[in-house]
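No value in this document is a laboratory result; all are computed from the given coordinates. Just so we're clear, the structure is a prediction, and the values are computed from it rather than from any experiment. All Cβ positions, even for glycine, are placed from backbone atoms using ideal geometry, and neighbour counts span all protein chains on display.
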Amino acid sequence: MRISKAVYVLAALCALAFLWIRCTDSAGAVSRDPRGSMYAGDAACRNCHKNIYDSYLQTAHYNTSYQYSRDTAGNIHNRLQASIPDQDSLAVNPFRLGQHLWIRIEKRDSILVQAGYQDNRELGAHPFDMAFGSGEKATTYAYWKGRKLYQLPLSHFTEIQNWANSPGFPADRINFERQIIARCFECHSSYINKELTPGGGLTVNEDLNRQTIIYGIDCERCHGPAAEHVNYHTANPAEKKPQRIAVTKMLSRNQQLDACAVCHSGNDKATQKSTFSFKPGDTLSNFYFPEYARSVNTEPDVHGNQLQLLAQSKCFIKSEVLTCNSCHNVHNGRQTIAAASVKCMSCHSAPEKVHKTVTAQNLQLTNCIDCHMPMEASRKISFREAGNEKLSAYYLRSHRIGIYPAAQKPK
C-alpha cells in the first residue's frame, strides 16, 4: 500500500512538471541568457529578421570578441576581408624584444600558445583562449588563469599585416600578467558576470565567470531585452508594428547618441554601475560619477571618442537631427569611401560651390572622407614592431568633420 501511494505521488509530480513545461513553452521558451529572463538571445531574432541578422553576423561589431580557435579566427577574418594572422611565421622567426628576449607562437598538443624565452630558457607559455577585435583594425589575444583573464604580449595589426607588441606592453621584458577586467568586456562583448570580493587593505578582487560570456555585440545589446517582443510577435504573427521593444527611430536624438556613446565616447570615466545594464532610452551620464576636475580643453583621442569628435563638428552643431545612424548602418559591414561620401552629399548637394579653390577637373566628388575626416594617429595607442625601437602610430578615422588643409592618407 505504501508503494502504491509513493507511485501516485511520483506520478502526480511528473504530471505537474509536464504541465509546467507546456505552460512555459506556450508563453515562450525559458531564457537561458545569463542576463536574465528578459532576454531572448540573438538567435531568436533571426526568425523574423533573417536578412538583417545574417548581414549583421558579418560586421566588426558582432565579431569584436570570440572564443579563439584557428578556424573561427580564419572564418571571421575572411568574412571581414581582413588579413589572416600568420602564426606559423613566428614559430620560425620569433618576435625579438632584444638580443636575449623573444616570443614565439607555438603549437603544443594542438593548442596554440605564445611562449616567451630568454636565451633559450622558457619564461612562460600561455594559450590563445580568447580574441578581442574583429581584425578590421587589429586583434589582441588573452588567456584564462582560473577566474582571471590576462592579455598576451603580441597582437596582430591589420595595417602592417604583421605581429607587434601589444599596446602599452614593455619593450625590454616579456609580460604575461596584464589583467583584462570586466570594464574591457563592456565594449567588446555583450555580457560577462563579475564577482567582487574584498582584497587586502582597501583593494577589491574581481573574478570573471567565463561561462556567462556573450561574445561580440549582439542584437539585444543595442536594441534592449527582447523576450517580451519575441513572445508577443510569435503569438501575433500578423502584427507588423514592433511591440514591446525600443525602436531606434522613436528615440530622441540624445537617446540615440547615448546608445552609441556607451562604447564610442571613451572609457576613462569612473562608472557608478556597469554599462551592461544600459538600455535604449537610458541617460548614459547616469552611469558615471560626476566629474569636477576634468579640463574642458581635453582633446578627445581618435580611439574610442567618436562622439566627442563628432560633437565638435559644424555639421553636428548646426543640425538638429544628425546622429551616428545618419551615416552608419550598423547592420551592414564596412561601407566604402564612395558610399560614405554619398551620405555627405545628401546634405551638401552642391560641393562644387564650396570648393572654390578646386577646379572642376580634379574635384573628387566620390571621396569627401579622406579630406574632411582624415586618418589620424591615436595618442593613446601605439605599437612596437620587431627590430624597431621607435613606436609605430596606430591610425584611425577622425569623426571631427571639418576642413583639414594638410589632410592626406598616412604613408
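Remarks
- Charging the Cβ of each Asp and Glu at -1 and of each Lys and Arg at +1, and nothing else, the dipole of segment 21-178 about its Cα centre rounds to 380 debye.
- For LEU112, the residues whose modelled amide H falls within less than 5 Å of its own, excluding neighbours fewer than 5 places apart on the same chain, are PHE128.
- Projecting the Cα atoms of ASN93, HIS77, VAL330 onto the charge dipole of the chain, computed from C-beta unit charges around the Cα centre, puts VAL330 farthest toward the positive end.
- For segment 123-139, 3J(HN,Hα) computed residue by residue from phi via the Karplus equation (6.51, -1.76, 1.60; θ = phi - 60°) reads 9, x, 8, 9, x, 7, 8, 8, 10, 10, x, 7, x, 4, 10, 6, 9 Hz, glycine and proline entered as x.
- Estimated vicinal HN-Hα couplings, Hz - segment 224-240 in sequence order (Karplus 6.51, -1.76, 1.60; Gly, Pro = x): x, x, 10, 4, 5, 4, 5, 4, 5, 6, 5, 7, 10, x, 7, 6, 9
- Loop-located chymotrypsin sites (Phe, Trp or Tyr not before Pro) in segment 235-308 (DSSP state not H, G, I, E or B) with no more than 13 neighbouring Cβ atoms inside 10 Å: TYR292.
- Vicinal HN-Hα couplings computed from phi for segment 59-70 (Karplus, 6.51 cos²θ - 1.76 cosθ + 1.60; Hz; Gly/Pro x): 9, 5, 4, 5, 9, 6, 7, 6, 6, 6, 8, 5
- Ordering GLY201, GLN211, HIS229 by Cα displacement along the dipole of segment 197-278 toward the positive end leaves HIS229 in first place; charges were set at the Cβ atoms of Lys, Arg (+1) and Asp, Glu (-1).
- Residues whose amide H falls under 5 Å from that of ILE401, counting only those 5 or more places apart or on a different chain, are SER313, with hydrogens built in the peptide plane.
- ALA40 long-range amide H proximity, modeled H, under 5 Å: ALA226, ALA227
- Lysine-lysine proximity count for segment 63-216, Cα under 24 Å, sequence distance 8 or more or distinct chains: 4
- Applying the criteria of a DSSP loop state and at most 10 other Cβ atoms within 10 Å to the trypsin sites (Lys or Arg not before Pro) of segment 256-313 yields LYS273, ARG294.
- Of the trypsin sites (Lys or Arg not before Pro) found in segment 125-213, those in coil by DSSP whose Cβ has at most 15 other Cβ atoms within 10 Å are ARG147, ARG173.
- Note on VAL262, VAL247, VAL321, VAL113: ascending count of other Cβ atoms within 10 Å places them as VAL321, VAL247, VAL113, VAL262, the fewest first.
- Here the calculated FRET efficiency for ARG379 and TYR232, from their Cβ-Cβ distance with R0 = 30 Å, stands at 0.05, rounded to the nearest 0.05.
- Matching label, Rg/Rh (Cα atoms, Kirkwood Rh) computed from the structure shown, candidates (1) 1.03; (2) 0.93; (3) 0.96: (1)
- Each Lys and Arg Cβ is given +1 and each Asp and Glu Cβ -1; about its Cα centre, the chain then shows a dipole of about 620 debye.
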